[in-house]
Amino acid sequence: MKTIAYYALHYGAEYLAWSVRSVEPYVDEIHVLYSDKPSFGHGTHFQCPDTEERLHTEALRFMQQPSKLYWHKVQAHGEGHHRDQLREFAPDAQVVLHVDADELWEGRALQSA
């Protein structure tokens with residue numbers, strides 16, 4: 001059974017490394033669908049506080065197996081579209097854990113799920 005963790009990401013560098021660290025041992029792959037534009041349905045003229053490079057670096061910071069990370073740059077037309085694009089990149093995933101960049105998972109909770 002293929003189990004993946006999935007991040008729909010636009011910003012969130014503060015806790016991302018810790019979040020990835022908390023799920024990595026329990027999944028086969030980690031997919032990040034990064035969008036440089038907000039996915040909440042409308043645009044803004046404000047610059048995102050996190051660059052793609054910083055987010056990518058943070059995602060890898062504590063990884064024991066960096067080959068588990070799959071980074072996809074996408075354009076989203078809303079939050080649902082941002083999330084749904086995962087099907088294109090991991091169609092064979094049987095269990096999908098949707099993780100926010102500021103979520104930390106306790107190992108026993110993941111094993112139970």
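The values are calculated or read from the model by the stated rules, or taken from the named source; none is laboratory data. Note that the coordinates shown come from a computational prediction; the quantities given were computed from them, not determined experimentally. So basically every Cβ, Gly included, is an ideal-geometry build from the backbone, and we count neighbours across all protein chains shown. These accessible areas exclude ligands, DNA and RNA; they are computed on the full protein's heavy atoms, side chains included. Shrake-Rupley method; radii C 1.70, N 1.55, O 1.52, S 1.80 Å.
Overview of values
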{"item": "Mean Cα-pair separation over length for the stretch 1-90, i.e. relative contact order, pairs under 8 Å, 6 or more apart, %", "result": "38 percent"}
{"item": "For TYR70, distant residues with modelled amide H under 5 Å away", "result": "ILE30, HIS31, VAL32"}
{"item": "At most 10 other Cβ within 10 Å, DSSP loop - chymotrypsin sites (Phe, Trp or Tyr not before Pro), the stretch 60-113", "result": "none"}
{"item": "Largest-first ordering by accessible area, 1.4 Å probe, given options SER35, SER67", "result": "SER67, SER35"}
{"item": "Fraction of accessible area attributable to carbon and sulfur, the stretch 10-108 (%, probe 1.4 Å)", "result": "50 percent"}
{"item": "Rounded to the nearest 20 debye, dipole of the chain from Cβ charges on Lys, Arg, Asp, Glu", "result": "160 debye"}
{"item": "Shape of the stretch 54-113, Cα gyration tensor, a/c cut at 1.5", "result": "oblate"}
{"item": "Cleavage-rule hits (trypsin sites (Lys or Arg not before Pro)) in the stretch 1-81: DSSP loop, at most 15 neighbouring Cβ within 10 angstrom", "result": "LYS2, ARG61"}
{"item": "Equivalent-ellipsoid semi-axes of the chain, from the Cα gyration tensor, Å, largest first", "result": "23, 16, 12"}
{"item": "Rounded accessible area per residue of the chain, 1.4 Å, Å²", "result": "61 Å²"}
